[in-house]
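What follows is a short report on a single structure.
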Amino acid sequence: MEATITLLPGDGIGPEVVTEAQKVLTAVAAKHNHTFQFREGLMGGIAIDQTGNPLPEETLGMCLDGDAVLLGAVGGPQWSDPTAKVRPEQGLLKLRKSLGVFANIRPVKVFSALADASPLRPERVENVDIVFVRELTGGIYFGQPQGRETVNGRRAGYDTMRYDEEEIRRVLEVAFRLAAQRQGKVTSVDKANVLASSRVWREVAHEVAAEHPEIEFEDVLVDAMAMYLINRPGDFDVVVTGNMFGDILSDEASMITGSLGMLPSAALGGPDSVGLYEPIHGSAPDIAGQGIANPLATILSAAMLLRSSLGLSEAAAEVETAVAQVLANGYRTADLAKEGDTAVSTREMGNRVVASLF
Ligand code: IPM
Ligand code: MG
């Protein structure tokens, strides 16, 4: 097959980890006789520095035009002044919205070789296999009005949390379809005891649940969910929630695995949307440029890209197996290394995964 993949390395460790994922995709293409064409776009803080815009038109056009987008990370301290008019994260939100990728799939699974990296007791993490479905193009991230003002000499800021039933229904449907291919359980997370938007969410969630009687369904309040992720993470299968709750809970859940550097994600829309794939970790400016970042989350995101955007499930599974193999052989980047382990570089980790593919 032929495919055009847009690479958006972005900021911080983004370029380093995307380079390794590209290496893996190139190896997959060579192995299976596919032709992947890569195009690289400017995005994030680096795009602000060079063009004044975190998502230049040219980059957006490239993304809309290709078959899939692989993103590294955006942001960094030099662009995080709270009073700045232009911020890297605005580029990411605009990209998600423009691609229409309303469902963010974030799998949280513990690699057996890394079970001891978790801060939780081994018996708690053994059975953890959760997929978060985070609504990605609505909610408080996008609701209007949003802004700041000074009233009676006092600064104030405000955001709007708003969901309409169609936005809720379509992401719930993604969750139920996914659960049907997995353990058959959906947990919908909201704050319906306080928020009006959550009460609409819950109403619609129950309607969708009624259309899928074969799937076990429950709703859980977000504060309770924060607790359950620590004391019984093995009880969940598919967890669906709004944009901000999903942002927070997926970072919390990543710690069950012990390393934020391991978790991939896929942002998907309707049948004609171009998928967006990114590691869930950030730009890690503190270690950028040192060649020590963990590229596995980005490599695993590339595997999701192969499966969901290119329909290459077998190749995707091969990449995932290669990652598990490299870990089982004891290779660790600095974030995963324990005392006494020799940490491998970003590049060596990428090379090891490529070698494991053949
Ligand atoms: C994420 C990130 C982003 C988000 C930031 C960088 C805008 O935290 O993908 O989880 O909040 O969505
Ligand atoms: Mg986040």
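The values are calculated or read from the model by the stated rules, or taken from the named source; none is laboratory data. What you are looking at is a predicted structure, and each value in this text was computed from that prediction instead of being measured. Neighbour counts are summed over all protein chains in view; Cβ atoms, including those assigned to glycine, are modelled from backbone coordinates with ideal geometry. These accessible areas exclude ligands, DNA and RNA; they are computed on the full protein's heavy atoms, side chains included. Shrake-Rupley method; radii C 1.70, N 1.55, O 1.52, S 1.80 Å.
Just to verify a number: what accessible area does T83 come out at with the full protein assembly present, 1.4 Å probe, Å² rounded to tens?
100
Quick check for me: using +1 on Lys/Arg Cβ and -1 on Asp/Glu Cβ, what's the dipole size of the chain about its Cα centre, in debye to the nearest 20?
420
Convex hull over the alpha-carbon atoms of the chain: what's its volume per residue in Å³?
Given the Cα convex hull of the chain, per-residue volume reads 145 Å³.
Using alpha carbons only, how many angstrom separate the centre of the range 226-251 from the centre of the range 292-358?
Centre-to-centre distance over Cα atoms comes out at 25 Å.
Given the protein chains as shown and a 1.4 Å probe, how many square angstrom of R170 are accessible, to the nearest 10?
Counting only protein heavy atoms, R170 exposes about 80 Å² to solvent.
Round to a whole number: what % of the accessible area of the range 119-257 belongs to carbon and sulfur, probe 1.4 Å? Spell out each step's value before the answer.
Working: 3390 of 7000 Å².
The C+S portion of the solvent-accessible surface of the range 119-257 is 48 percent.
May I ask for the equivalent-ellipsoid semi-axes of the range 119-257, computed as the square root of five times each C-alpha gyration tensor eigenvalue and listed largest first in whole Å? If you can, show how the numbers build up before the last one.
Values: eigenvalues 167, 80, 25 Å².
Ellipsoid semi-axes (Å, largest first): 29, 20, 11.
For the range 269-283 and the range 37-93, what is the separation of their Cα centres, given in Å?
Computed from Cα coordinates, the inter-centre distance equals 14 Å.
Probe of 1.4 angstrom, ligands and nucleic acids ignored: what's the accessible area per residue over the chain, in square angstrom?
For the chain, the per-residue accessible area is 44 Å².
About its Cα centre, what dipole magnitude does the range 1-81 give when the only charges are +1 on Lys and Arg Cβ and -1 on Asp and Glu Cβ, stated in debye to the nearest 20?
Rounded to the nearest 20 debye, it is 340 debye.
Please get the size of the charge dipole for the range 51-169, origin at its Cα centre, with Cβ charges of +1 on Lys and Arg and -1 on Asp and Glu, quoted in debye to the nearest 20.
500
Rounded to the nearest 500 deg cm²/dmol, what is the calculated helix-only ellipticity per residue at 222 nm for the chain, with -39500 (n - 2.57) per DSSP H run of length n ≥ 4?
Only helices count here, giving -12500 deg cm²/dmol.
Any idea which of Q290, G147, W201 is furthest toward the positive side of the dipole for the chain, if Lys and Arg beta-carbons carry +1 and Asp and Glu beta-carbons -1?
Most positive-ward Cα: Q290.
Compute, for S198, the solvent-accessible surface of its heavy atoms (probe 1.4 Å) with the complete set of protein chains present, and express it in square angstrom to the nearest 10.
Only protein atoms counted, so the area is about 10 Å².
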